Amino acid sequence: TTSAQTAVTCGSSQSTYPTFAITGPTTAGTTCTLEWIQNQTIDEKLVFNLTIRAGETVTVNLAPGKKRVVSDWNGYVPGQPISTSDFGAFHLQAGANTLAAMITGTTTGVTLTASWPVTHLSVDGVA
């Protein structure tokens with residue numbers, strides 16, 4: 001079982017929606033379970049019961065219109081995250097955010113990375 005917390009800085013001038021990539025254990029024949037990912041700064045949480053096999057990568061895309069969980073082995077993963085999650089709202093605020101996650105099972109070699117677009121507020125059509 002592994003839990004971790006890290007500070008990230010979102011260089012956007014407005015909220016943005018991250019993508020998480022979780023790669024399973026490096027030990028053949030083992031699995032891990034993604035339990036949750038949380039933005040502790042704004043108290044938004046994604047709750048899972050998602051088994052990830054050795055060598056498998058699961059991507060959680062939170063972009064509006066693209067929200068989905070996809071496995072590189074099985075494609076679309078239905079029912080994840082579970083319904084008590086902030087799936088529709090989960091985002092990074094501009095500036096500092098503290099992200100945390102919990103993964104259980106075999107965690108040797110497991111990675112969780114986050115990426116996000118840098119977005120800025122703008123006014124269009126102003127002379």
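The values are calculated or read from the model by the stated rules, or taken from the named source; none is laboratory data. The structure presented is a predicted model; accordingly, all values stated were derived computationally and were not measured. Don't worry about glycine lacking a Cβ; one is built from the backbone with ideal geometry, like all the others, and counts go over all protein chains shown. What goes into the accessible areas is simple: the full protein's heavy atoms, side chains included, and nothing from ligands, DNA or RNA. Shrake-Rupley method; radii C 1.70, N 1.55, O 1.52, S 1.80 Å.
Hey, could you grab the Kirkwood Rh for the chain? Inverse mean 1/r over distinct alpha carbon pairs, Å, one decimal.
15.2
Residues 33, 1, ordered by accessible area of protein heavy atoms at a 1.4 angstrom probe radius and largest first, appear as 1, 33.
Using 0.36 nm per residue and subtracting the Cα-Cα separation, the extra length available between residue 19 and residue 119 on full extension is 34.6 nm. Across the chain, C-alpha contacts under 8 Å between residues 6 or more apart give a mean separation that, scaled by the residue count, equals a relative contact order of 44 percent.
Roughly how many debye, to the nearest 20, is the charge dipole of the chain about its Cα centre, given +1 on each Lys and Arg Cβ, -1 on each Asp and Glu Cβ, and no other charges?
Charge dipole, the chain, about its Cα centre: 160 debye, nearest 20.
Over the chain, with every protein chain in place, what whole percent of the accessible area is carbon and sulfur at 1.4 Å, could you tell me? C and S atoms contribute 52 percent here.
For the pair residue 3 and residue 33 in one chain, pulling the backbone fully straight at 0.36 nm per residue adds 9.6 nm over the alpha carbon distance.
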